[in-house]
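Here is the structure we will look at.
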Amino acid sequence: VLSADIGVVIAPKDSTRADELLQYLDTALFTARRSTETCIRYFNASMRKQEVLKFDLAQEIRRGLTDGQFVAVYQPIFSVADGRLTGFEALARWQHPARGLVPPLEFIPVLEEQGFITQLTKSMLGLALEQLANWLTVHPDLFVSVNLSPERPINELKALGVKLALDDFGTGYSSLSYLSKIKASALKVDRSFINSWSESSEDELLTTMVQLGHGTGMKVVAEGVETIEQLNYLKEIGCDNFQGYLSSKPLFSNDISETEWFKTGRVV
Ligand code: C2E
Ligand code: CA
């Protein structure tokens, strides 16, 4: 199937300079391409403004990467059966000099689009491994997991002995076909399924996901567990591990060593 996208710029309304007209034409065409249907887009000033904002953000992010402004917080992961601390998930935060702590949803998409996500992954791996070495002196069996964007060379990582978990299972990228393709060792059930169980007590989906994971030799981790009822239900259906606000939000490593669950290696 052939399709066409058209960007339109008008002289002298938009500009009288040839170089500017060409630049604005690019902007209009880029906007047209982003739409899923064939379309024609006329250049307007707000298109330009958005592009400039995005460009500024990308520049700032790039500078932040070289200046070490990206830091890690860690959310503990516990065994459902007995509350034992099993590991942590490292989550990125941008410690912005003026804006404070910026959440990942504001910068991960930009990093992915601009081709800088690998740089963040490497820096997160460095931070997480250093932290893990520290924790292992207290709890020798802990693991730490780092989030990877889907385009990473999965086979190379597996050759290094890295274990993969399929994140947000049941949504977006995390389809059944992906599951068989990457041969993960754990499956993380997206928190929307934990939520919808609470709302409707419809347990078929959740139970089936746990069975699916176990049936294909994977550990199953529940994300976003917020209530004791949810945890009790996960115990009933034999889910392996859980993380969520019920036990702890993601924390800076300094605060982790102060918690009861870190000191005892168990959450009650
Ligand atoms: P995710 O991997 O699904 O991470 C779980 C998100 O849910 C985290 O948000 C966490 O703070 C939040 N969460 C944990 N427990 C609960 C709970 O009980 N209830 C609710 N409502 N939320 C909970 P966060 O830290 O904002 O991260 C958002 C997403 O950003 C992550 O989703 C992940 O996809 C992405 N991300 C974070 N760090 C990195 C990174 O270093 N690299 C890449 N590629 N992506 C990252
Ligand atoms: Ca994750």
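Before moving on, here are some points about what is shown:
- For the stretch 1-51, Kirkwood radius (reciprocal of mean inverse C-alpha pair distance, Å): 11.1
- Taking every DSSP helix (H) stretch of at least 4 residues in the chain, weighting each as -39,500 (n - 2.57) and dividing the sum by the residue count yields a mean residue ellipticity at 222 nm of -13500 deg cm²/dmol.
- Separation of alpha-carbon centers, the stretch 22-56 and the stretch 230-268, rounded to whole Å: 46
- Peptide packing for 211-219, 157-165, 241-249 was compared via the average number of neighbouring C-beta atoms within 10 Å per residue; ordered from the highest value, the list is 241-249, 211-219, 157-165.
- All-pairs Cα distance distribution in the chain, expressed in whole percent, bin size 10 Å: 6, 23, 27, 22, 13, 7, 2, 0
- Relative contact order of the chain, defined on C-alpha pairs under 8 angstrom at six or more residues apart (%): 17
- Taking every protein chain into account, the accessible area of the chain amounts to 59 square angstrom per residue (probe 1.4 Å).
- Look at where the Cα atoms of the stretch 75-114 and of the stretch 164-186 average out, and the two centres are 19 Å apart.
- Electrostatic tally near Lys235: other residues with Cβ closer than 14 Å to its Cβ, Lys and Arg +1, Asp and Glu -1, net -4.
- Global geometry of the stretch 50-144, whether rounded, prolate or oblate, following the gyration tensor of its Cα atoms and the 1.5 cut on a/c: prolate
- Note on Ser257 and Gln95: the extension gain reaches 56.2 nm, defined as 0.36 nm multiplied by sequence separation minus the Cα-Cα distance.
- Shape call, the stretch 94-192: gyration tensor on alpha carbons, a/c limit 1.5: oblate
- Portion, in percent, of the accessible area of the stretch 94-139 that falls on carbon or sulfur, probe 1.4 Å: 60
- Range of Cα positions in the stretch 145-268 per principal axis (Å), largest first: 39, 38, 22
- Filtered trypsin sites (Lys or Arg not before Pro), the stretch 1-91: DSSP coil and at most 14 other beta carbons within 10 Å: Lys13, Arg17
The values are calculated or read from the model by the stated rules, or taken from the named source; none is laboratory data. These figures come from a predicted structure and were not determined experimentally. Here Cβ is always computed from backbone atoms with ideal geometry, including for glycine, and neighbour counts include all displayed protein chains. These accessible areas exclude ligands, DNA and RNA; they are computed on the full protein's heavy atoms, side chains included. Shrake-Rupley method; radii C 1.70, N 1.55, O 1.52, S 1.80 Å.
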